[in-house]
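Below you'll find the structure, written out as structure tokens, and then a few comments.
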């Protein structure tokens, strides 16, 4: 049985990739992902805000109280060097590369076209096999239109691509007016893979304290439908590899991803819920199913049910919606 | 060989050499010497080695006494050892100095000469401290400039090794220790050439060692002590020659010539000043000018080696033509014939003149004078005044210069318009806020000009005595020639005002030269700024034909992500328009400096600063003066017309920055000042102030309780008082039975005193149902509300306070009806200490006497111009005093002893006079229950009646009792201070006072670090916290002072954190005061030294408690008396991880950035420690005490 797949040029032994999560924060946990069968690991994200916040905060608190009062010209000892850049993250990538034999994908989470772009080079130098660029942007500015947002994404991808030689994946949000066109533009900008889709953590309301608070919910199975649709539409229309993320919890989900044209299925919530052993279980179930259905390789099924391969492509379009409504009975 | 030119201050110059030539450094922080120890610690912690290739060991001790003991021990064990200190710290070293000198031990103490506390504390410079050590046997070498500090630090080290006489190397506190100056840095080879390794080995060979045992430090008897004491004479005789040899050798190495005494001036001078210290440079500058312009025959004899004083060296340096000598001392010895240097000079000259072949034809006339106490300015005009005085036939002796002594008429007049303007020198003044980075930027500019160009550069910085909204004035000079002006800038080519509002506070342009340049940070542009400035400023600009520039630096800072830090922007403006450097070169240098400063802190910071530089020039505009009219904005009086005369006539001058004009007759003779003066200094420093929403307020009182500056007040009163209230005066109905019917309740802010810290807003538990971001107090711009709220505040003050006897003291909401008798202090915005101090003043202030340890609380509690301790309408309030840092517990105990004695004597007199006074009232007074407010109220009434009766009795005893009868009313003694005092320097005394059983209340304002002197580690500092002297995180746990106190059994002990549990805090204060024995409250006090935004302080206090780091408890010995467990644990089990508290604060989080692995290890230890302590306290609180007692009884 050949479960192998190729993801942005990386030969992977199977299509299950551990997506960016706290599971890669410790070397031991990352090793257990590999032991459980993951074919690659996307490291937890290096956040642009984290780096800039830490640097700004430290400088602010070291300086804002200095030279204000004759008896206390400062309040903290001078320290030669602070580990304020991405060094901690980069070192972690380096350690993961030593500890793991599967590919390690670094993850950069940011938005501005600022200094953080340079971090990609450092991640590459640390030995990462690829970089996943996670552009997390909530355009709350009423003056910024969709085109400008799209341009920003494209500029970021171009900048990263020109900075590194390793493949670059782009993890996207689904909130684009013209997803197909956006995907095409990213493809043209050089993205080696598109990861569909990023889940924006939505805030919740605390009624007791009348406060808005971040509430992290793990993904549900139904969330896979959106990536399935778009992978089906994009497959064979972009050069970039395609990865599905959100809601993959069993072997059927992996099969669906492959059939619509995905190269890998990325998992996180299921592993956080039920442990990394789920990778092995899913791979086993996958093999049983393929054996039963007489598929001898993943590549055989890859894209077999994409937009152009199904009898009714409209099912991936608006017609699907009409059909669904029509079937709904009170 | 070209040596490196560096721009550093005197402290760094001394520490640079000291760190290179020592193996052990033991210190204790004290202003202004602290930076020397801090730098040494930083260098050692980053692996910098001495000239022998080993890293000196640096240790911070619990006091200067401890540091001196450690130095003594380290020296006896053979290490090259040093220390740095000043003022009271030096006094604490004196006992060991005698020992070290008596044992002929080589060492150098580097001292920033500072004023000793007498009628007042002063952190500034004079020679009163070093002069108090001149009898110890230490040699004393004085440096007069930053270059000399570096040079003499080395010369003294060489001399001490050869002479075996320990050296005290001193230089003027602040003027030299903090003056930034371009100097030539000695390199390692220079130092090696000066230090003889054979002498170092000899020093080591004299060490105590069991491999060659001997005894040193024996006790001797009348038969031999005297002879033993005389053995050292030959060493002292040789010392001056040895020092001169070292100076000669130094000259051959560096080309800089120094002698034990140096003469400067006309070779045929008839009038000569003798002096030492930074004033020497000013005197030299003045002499140059006077000789050049008038040809006067004047000169200066500079004393460098003051001890041992070598008369022949001195006499040889004096010109033979001298007829009159004036000796200037920077110290005062009341009751003496004259000050120390004067006496030495008189004696020296007299001795030689009485010899067979006197060096002078006629005995010169010698006068002595005092100058420069507590860093009082010493200017060319004053030097000239001294020389002019000597012209007289009978010049004034024992004079003062620099002040107006209108009482004993000691002072010399001086010409205030005698100002020197050295050629090719540019002077600049910068007015800024402490928090805006002005000083930092100026230090940077000096570095750029000093190190990157051929120019000389000097910087001196004047700071505010307030800690919130503090202002800074930077005095900068640049020039082609060495700068000798050791006084503030008197005429400026350039003045920068970094905050528009400062135009109202200072006469900013007073010192600007005609045609000078004025740069103003202004939100008003070039076309409108003239209309917005005070008329006086407009007049000055026009009449002096200034080049006037404006920039909206806050706008540029905001656009470039710099926040309120306008340092880079204003620095760029300075370089762009001052012409000190070509513009492009200057910009490049600024960027280089930015890279240097920030590259270790991430690219982002560098980029942000670059952007600020680039955007500055586009926003800098020259204001065209043609056609500009003077505005009609007049400055308001500094204080209100309603203020008392003393405030209006004297304190207002100090507020205005004209304190130098205050006459001797205007100062109190014994350091006693009136209470209630802070209320007259309206500082208006808040950008936003809280506005009360009476529609939703629940009257919890938390806002008033947490307010650090007593700016939020609560009153409940009869509605009738509303009749004349301003229309905008807010009120609601008071919710509480004690308020009665027809009451009104108001929460009012003091708009001009509020610092805008927002703690009231943060702690307010109410949310507006229509818009949840709003609370019952909301921050709004002060400027728009100022006049309205000022009127409301003034009206609020006319409403009577709520009757104390009716207050339910045990509830937070009620307790805040008590009038704060500690208000509007200069403490930091959002201070964590002052809410506790204020609470004491509210609960017990009308019967409290306070002993306050030196530190933050003594500064915000007692630093001029105005002080926050106040009194109520009956004229009662806290009586406050500060003795020292180290003795505060004992100081407070003394107060208690005195009060108890007065009370005891009064009771004896009362009993003796009972037949005349009446037995009933006597018994009522003697047996009065004063455990609560009504009880105290009744006792006061009885005492008033007693006074009336006593006034009618014509007996000695009646008169005595009349003077003491107020002591029949309960008095509360509070001993306050920070953790540096309680855990470290004052712990011995604190321990003794707790053990005394006396009824004192000790309040430890625990910031876990020496806050006032800039964040040095104390024994209260938490494990894993970064502090000065703990750059790698403190490796040991915080000392459990509370447990030590609990061990006594009879001490009331509480640990509180007001932000986490205000009710528990209130109870602890009430119980502590009620307890008739020693009590100690350890109060968690957030602090700017913790490195977080003070607005979040409540959240941090809660996290400290929730993590179990700061356990809340009360240990009340009275419960033990009832057979109960005395320990009541008010904290629950830790519910958040320690890191969730720690890493909110820079003091902990910075270690994760500098040493991530070490930070993890320390965090683990700290977390374990938290759990261990939690379990221990929980166990102790659950022990069944009654059971144990019965078991003991049954065994009996």
Q) Quick one: which of B:299, B:277, B:228, B:217 is out of contact with any strand residue (DSSP E or B) (no Cβ under 8 Å at 6 or more places or on another chain), under 30 Å from residue B:135 (Cα atoms) and not in a helix (DSSP H, G or I)? A) B:217
Q.
If residue B:755 meets every condition in (1) touching a helix residue (DSSP H, G or I) at 6+ places or on another chain (Cβ under 8 Å); (2) not in a helix (DSSP H, G or I) apart from one, which number is that one?
A. (1)
Q) Is it the case that residue B:479 is over 27 Å from residue B:122 (Cβ atoms) and modelled with pLDDT of 95 or more? A) no
Q. So which residues in region B:1080-1100 are out of contact with any strand residue (DSSP E or B) (no Cβ under 7 Å at 6 or more places or on another chain) and not in a loop (DSSP other than H, G, I, E, B), if there are any at all?
A. B:1088, B:1089, B:1090, B:1094, B:1095, B:1096, B:1097, B:1098, B:1099, B:1100
Q. Out of region B:465-486, which residues are under 21 Å from the mean Cα position of the chain (by Cα) and surrounded by 23 or more Cβ atoms within 10 Å (Cβ to Cβ)?
A. B:466, B:467, B:468, B:471, B:472, B:474
Q. Can you name the residue in region B:583-628 that is assigned to a loop (DSSP other than H, G, I, E, B) and away from chain A (no Cβ under 14 Å) and is also surrounded by the most Cβ atoms within 10 Å (Cβ to Cβ) among such residues?
A. B:623
Q: State all residues of region B:807-852 that are surrounded by fewer than 24 Cβ atoms within 10 Å (Cβ to Cβ) and part of a strand (DSSP E or B); if no residue qualifies, say none.
A: B:848, B:849
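Answer with yes or no whether residue B:441 is touching a residue at least 40 places away in the same chain (Cβ under 8 Å), within 27 Å of residue B:501 (Cβ to Cβ) and not in a helix (DSSP H, G or I).
no
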(Q) Just to be sure before I move on: is residue B:1103 assigned to a helix (DSSP H, G or I), over 22 Å from residue B:1059 (Cβ atoms), at pLDDT 95 or above and touching a helix residue (DSSP H, G or I) at 6+ places or on another chain (Cβ under 6 Å) in the structure I sent? (A) no
Q) Identify, please: which residue in region B:113-135 is over 24 Å from residue B:670 (Cα atoms) and in contact with a strand residue (DSSP E or B) (Cβ under 8 Å, 6 or more places away or on another chain) and is, among those, farthest from the other protein chains (Cβ to nearest Cβ)? A) B:134
Q.
I'd like the full set of residues that are crowded, with 20+ Cβ neighbours inside 10 Å and either without any contact (Cβ under 8 Å) to a residue 24 or more places away in the chain or within 14 Å of chain A (Cβ to nearest Cβ) (or both), limited to region B:1137-1154.
A. B:1145, B:1146, B:1147, B:1148, B:1149, B:1150, B:1151, B:1152, B:1153, B:1154
(Q) I want to confirm something. Restricting to region B:1162-1196 and keeping residues that are over 25 Å from residue B:1046 (Cα atoms), over 35 Å from the mean Cα position of the chain (by Cα) and in a helix (DSSP H, G or I), which single residue is modelled with the highest pLDDT? (A) B:1164
**Q.** Filter pass, residue B:715 being modelled with pLDDT of 95 or more, surrounded by fewer than 23 Cβ atoms within 10 Å (Cβ to Cβ) and part of a helix (DSSP H, G or I)
**A.** no
**Q.** Extreme residue, nearest to the other protein chains (Cβ to nearest Cβ), among residues of region B:478-504 that are part of a strand (DSSP E or B) and closer than 18 Å to residue B:570 by Cβ
**A.** B:496
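Look through region B:338-371, keep the residues that are assigned to a loop (DSSP other than H, G, I, E, B) and touching a strand residue (DSSP E or B) at 6+ places or on another chain (Cβ under 8 Å), and return whichever of them is surrounded by the most Cβ atoms within 10 Å (Cβ to Cβ).
By that ranking, first place goes to B:339.
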Q. Since residue B:462 meets every condition but one in (1) within 14 Å of chain A (Cβ to nearest Cβ); (2) modelled with pLDDT of 90 or more; (3) crowded, with 24+ Cβ neighbours inside 10 Å, which condition does it not meet?
A. (3)
(Q) If I go through region A:80-112 residue by residue, how many of them are assigned to a loop (DSSP other than H, G, I, E, B) and within 13 Å of another protein chain (Cβ to nearest Cβ)? (A) 8
Q: Search region B:948-973 for residues being free of Cβ contacts under 8 Å to residues at least 40 places away in the same chain and in a loop (DSSP other than H, G, I, E, B), and hand back the single one that is surrounded by the most Cβ atoms within 10 Å (Cβ to Cβ).
A: B:951
Q: Report the residue count in region B:1156-1174 for those that are surrounded by fewer than 20 Cβ atoms within 10 Å (Cβ to Cβ) and within 14 Å of another protein chain (Cβ to nearest Cβ).
A: 4
Q.
On the basis of being free of Cβ contacts under 8 Å to residues at least 60 places away in the same chain, buried (at least 24 other Cβ atoms within 10 Å of the Cβ) and within 14 Å of chain A (Cβ to nearest Cβ), does residue B:1021 make the cut?
A. yes
(Q) Tell me yes or no: at least one residue of region A:220-235 is in contact with a strand residue (DSSP E or B) (Cβ under 6 Å, 6 or more places away or on another chain) and at pLDDT below 90. (A) no
Q: Go through the residues of region B:730-750 one by one and say whether even a single one is buried (at least 22 other Cβ atoms within 10 Å of the Cβ), within 30 Å of the chain's Cα centre (by Cα) and at pLDDT 95 or above.
A: yes
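The values are calculated or read from the model by the stated rules, or taken from the named source; none is laboratory data. Here the structure is a predicted model, which means the values were calculated and not measured. Cβ: placed from backbone, ideal geometry, glycine included. Neighbour counts: every protein chain shown.
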